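The values are calculated or read from the model by the stated rules, or taken from the named source; none is laboratory data. Please read these numbers as outputs of a predicted model, since none were measured by experiment. Using ideal geometry, Cβ is built from the backbone for each residue, glycine included, and neighbour counts are taken over all protein chains shown. We work out accessible area using only protein heavy atoms, side chains counted, and drop any ligands, DNA or RNA first. Shrake-Rupley method; radii C 1.70, N 1.55, O 1.52, S 1.80 Å.
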Amino acid sequence: MSAVGDIVHMYREMRRIRAFEDRLMDLKAGGEVPGSMHLTNGQEAIAVGVASVLRPDDYVTATYRGHGWAISRGSDLTGLFAEVMARSGGVNGGRAGSPYFSDASINFLGENSIVGAGVPIAAGAALSAQRHGQGQVSVVAIGDGATNQGAVHEALNLAAALTLPMVLVVENNIYSEMVRIKDMTKIDQLAIRAEGYGIPGVTIDGNDPAVVAAAAADAVERARRGEGPTLIEAMTQRLVGHHSGDAQHYRPRGEVAEAALDEPLHRIRSAADATLLAELDAIDAEVTAEIEHAVAAARATELPDPNTAKDHVYA
Ligand SMILES: Cc1ncc(C[n+]2csc(CCOP(=O)(O)OP(=O)(O)O)c2C)c(N)n1
């Protein structure tokens, strides 16, 4: 059976992302992760749903909240752990850390900590794909707050005008850092902005990977047919702070607990019968073992040699 649209496969992928990030928080508490992280806890269905309809040679670009996008595309867990732990075995030699890594081996063009700046890069990849004529698609994920950035508007307008094979996925977790998106824009749904670019826009349930996969399949097929970009607004909530040190004082009491009842993994488990639940429990155990193996392998890689600090630096 194809993995596309297969809910058990998508559960496993979402669990891998959740377990990867939960383990990183443990490692951070133990002093093994420098800097802050932006976790995708609660938002996993979006990356996993989109990834389930992509080809290996498609391009993906994410924000600093990008662990899930790389994992769902098949990035090596040991390389990712080592990267966030600033070890030489990381996908970028431990130089990029949690918010800046890329993985050329899977056409993951990188995270971007400059809000909205992934969209011009994705448009460039889409232009390259269009010129090469191999049917590749360029997917870019941004947050709701990023839709207010000038770079996003310019790149999306260009992508629409040139009919580029691009899919813009807006992960609408209702907050831009610590400010609610409804306090930053006059519109209820960000997808209606698509009309201003002359492209399709759709608002979907971002906590259901099958719904995400269906919307992504439409957008990706449209792009492959040479009909241009689509904007997908996927509604979700993050179960954690904006960054790993965020105390979330700005969130109303009870909001996270309520969101936890609607998060993608809980949804699948609470609708499962006993047979499926046993299968999901087995997956959880397999994923735990996979994560521990990857952490051990990452720890076994050297710390970077300080003498190489200036390598790969261009002025
Ligand atoms: C150009 C730019 N402006 C401001 C910031 C500071 N900043 C970091 S994250 C963030 C909020 C982005 O929110 P959103 O796009 O909704 O993404 P989310 O974090 O919710 O995934 C801001 C304003 C930045 N990194 N880059």
### Query
If you go through the range 137-187 one residue at a time, how many are hydrophobic (A, V, I, L, M, F, W, C), part of a loop (DSSP other than H, G, I, E, B) and away from the ligand (no atom under 12 Å from the Cβ)?
4
### Message
Of the conditions (1) closer than 30 Å to Leu164 by Cβ; (2) touching a Pro at 6+ places or on another chain (Cβ under 9 Å); (3) not hydroxyl-bearing (Ser, Thr, Tyr), Glu233 satisfies every one except a single condition; which number is it?
### Response
(2)
### Message
Conditions first: (1) more than 16 Å from the ligand (Cβ to nearest atom); (2) out of contact with any Phe, Trp or Tyr (no Cβ under 6 Å at 6 or more places or on another chain). Arg65 passes all but one, so which condition is the exception?
### Response
(1)
### Task
Any residue in the range 276-288 that's open to solvent by 60 Å² or more (accessible area, probe 1.4 Å): show its pairings with residues that are of a type in the set (A, V, I, L, M) at Cβ separation under 8 Å, as long as the two are six or more apart or on different chains.
Glu279/Val8; Thr288/Ala19
### Task
Name the single residue, out of those in the range 252-268 being touching a residue at least 12 places away in the same chain (Cβ under 8 Å) and part of a loop (DSSP other than H, G, I, E, B), that is least open to solvent (accessible area, probe 1.4 Å).
Glu263
### Query
Within the bounds of the range 223-238, is there any residue that is part of a helix (DSSP H, G or I) and more than 30 Å from Ala29 (Cα to Cα)?
yes
### Criterion: farther than 27 Å from Arg193 by Cα, out of contact with any Gly (no Cβ under 6 Å at 6 or more places or on another chain) and at pLDDT below 95 - qualifying residue of Ala257, Ala315
Ala315
### Query
Of the conditions (1) within 23 Å of Val169 (Cβ to Cβ); (2) within 16 Å of the ligand (Cβ to nearest atom), Gly97 fails just one. Which one is it?
(1)
### Summary
Exactly one of Val170, Val179 is touching a strand residue (DSSP E or B) at 6+ places or on another chain (Cβ under 9 Å) and touching a residue at least 12 places away in the same chain (Cβ under 8 Å), and that one is Val170
### Task
Could you run through the range 116-130 and say how many residues are in contact (Cβ under 8 Å) with a residue 24 or more places away in the chain and either away from the ligand (no atom under 16 Å from the Cβ) or of a type outside the set (A, V, I, L, M, F, W, C) (or both)?
9
### Query
So Pro229 clears everything in (1) of a type outside the set (S, T, N, Q); (2) surrounded by fewer than 17 Cβ atoms within 10 Å (Cβ to Cβ); (3) in contact with a strand residue (DSSP E or B) (Cβ under 6 Å, 6 or more places away or on another chain) except one condition, right? Which one?
(2)
